[in-house]
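Here is the structure we will look at, set down as structure tokens.
What follows is calculated from the coordinates using simple rules that are stated; it is not laboratory data. Here the structure is a predicted model, which means the values were calculated and not measured. Every residue, glycine among them, receives a Cβ derived from its backbone with ideal geometry; neighbour counts consider all protein chains shown.
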Amino acid sequence: MPRSPLAGAVAMGAFWFFCLGGLGLFFPFFSLYLHENAGLAGWEIGAVMAVPPLVAMSAQPLWGDFADRSGSRARVLGLLCLGAAVGYASLSLGTGFASLLALTALMACFAMPMVPTAMSVTFAITQELGPNAFGWCRVWGTLGFGAAVVAFPWFLDALEAGAGLAAAPGGPSEPALGAMFPATGAVTLVAALIALALPRADALALRAEHGEWRRLFAHAPYVRLLVVALLGYLLVQGPMGLFPVFVRAHGGSLDSVSRLWILMLALEVPLIAFSGASLRRLGARGLLVTGLVAAGVRWLICGFAPESVWVVPAQVLHGVTVAGLVIGGPLYVEAVVPGSLRSTGQNVLAMVGVSLGGLLSNLGAGALLDVAGADAPYQVGGIGALLVATLLPWWLPPPSRASSD
């Protein structure tokens with residue numbers, strides 16, 4: 001494969017398409033599978049959904065440090081994708097709470113460090129191509145996610161029709177929903193092959209010294225960002241994971257979930273594609289505030305007015321949340337960490353935010369689902385997200401890079 005920065009960026013865009021395409025087959029429907037097909041209770045769903053962030057709390061920093069110290073970030077990314085592909089496919093073997101818990105843990109060992117490591121590889125590959133290059137690579141992931149969300153219900157209907165399967169009273173609404181596991185594994189395998197073929201670049205080969213990661217925790221802007229990420233994901237992740245259950249509780253179907261995801265992604269595509277322009281205008285802190293405000297408004301509408309006409313259009317705010325929180329956080333990291341610690345910085349951010357914050361959020365949302373009903377996680381998440389957004393400009397300083405000396 002050619003070694004030019006442009007060729008690397010094109011390959012990275014293809015990687016994101018298949019990497020997040022796999023997540024598009026899995027994430028929107030997993031909690032629904034656990035609830036209807038596996039028959040798990042609310043607390044069991046919360047526990048299974050909490051396993052990936054729990055495992056990631058150790059897996060993400062370890063893989064990040066390994067990628068930085070090895071100087072082979074692209075190869076490490078390919079290895080993670082291979083392991084994730086096997087892990088996703090193996091979930092089809094789960095038959096109950098205990099087995100699904102164990103198989104989800106296996107999958108999480110590889111899948112959870114995959115995206116933050118891909119972030120670090122993308123930043124390294126695109127750093128010579130200007131501020132918009134990262135967004136144009138990453139947006140292909142959103143397009144892949146959207147394509148999977150749109151195509152999967154159609155694929156599932158055809159599969160069930162061919163196998164003569166139909167929903168039975170008291171049974172799952174989609175009897176063949178478990179097909180998402182081997183499908184996710186196959187798509188993720190394609191991403192692995194692309195990652196292993198990525199061209200080498202000098203920025204990808206930077207090596208961190210033993211123990212250099214400690215510099216991150218002596219750098220105040222980075223540490224304060226970790227607190228913001230923890231609170232942000234605490235208030236966003238659990239409600240997002242239970243969204244299919246929320247839709248079903250208000251009379252929606254799998255097709256409803258799919259259609260709502262199309263709406264969610266409609267604004268996400270241009271916002272991520274032009275994240276470089278947004279960064280210049282708002283800064284990383286402004287992106288984070290915007291994302292939290294969008295999440296807060298969206299969840300407040302879902303939680304307090306679930307039957308209103310505003311619920312459907314409010315889902316477009318998902319794209320603002322992703323561009324603000326999911327992209328703004330890594331952009332802030334890229335501005336404050338030295339190049340030799342790219343993978344560690346991104347993986348530790350994911351560990352604290354997506355993993356620890358997501359762990360607590362999934363457990364809390366599952367408990368609220370059992371105790372107070374499907375609307376409660378959105379009521380709590382909406383109020384909390386707006387509060388964090390209000391305090392963020394006071395807490396988080398403008399980004400300044402930590403020394404690598």
Kirkwood hydrodynamic radius of the range 275-378, Cα pairs, Å: 15.2 Å
Shape call, the range 19-169: gyration tensor on alpha carbons, a/c limit 1.5: oblate
Length released on extending from A249 to L62, taking residue separation times 0.36 nm less the Cα-Cα span: 63.4 nm
Rounded to 10°, Cα long-axis angle of helix 73-90 versus longest principal axis of the chain: 10 degrees
Value at 222 nm in deg cm²/dmol, rounded to 500, when DSSP H runs of n ≥ 4 in the chain each add -39,500 (n - 2.57): -24500 deg cm²/dmol
Extended-chain gain in nm, criterion 0.36 nm per residue less alpha-carbon gap, L159 and A147: 2.5 nm
Rounded to 10°, Cα long-axis angle of helix 5-32 versus longest principal axis of the chain: 30 degrees
Rg/Rh for the range 83-186, where both radii come from Cα atoms and Rh is the Kirkwood radius: 1.09
Inverse of mean 1/r across different Cα pairs in the range 10-104, Kirkwood, Å: 14.9 Å
Highest to lowest packing among 380-390, 287-297, 91-101, scored as the average C-beta count within 10 Å: 287-297, 380-390, 91-101
Cα-based Rg / Dmax (Å) for the chain: 20.0, 66
Intensity falloff of the range 253-322 expressed as log10 I(q)/I(0), Debye formula with alpha-carbon point scatterers, at q = 0.24, 0.25 Å⁻¹: -1.04, -1.08
Hydrodynamic radius by Kirkwood, which averages 1/r over all alpha carbon pairs of the range 61-129, in angstrom: 12.9 Å
Size-normalised alpha-carbon gyration radius of the range 14-62, reference 2.2 N^0.38 Å: 1.38
Nearest 10 degrees, 0 to 90: helix 42-70 Cα axis against the chain principal axis: 20 degrees
Of F123, F274, F26, the one that fluctuates the most in a GNM where the chain has Cα springs shorter than 10 Å: F274
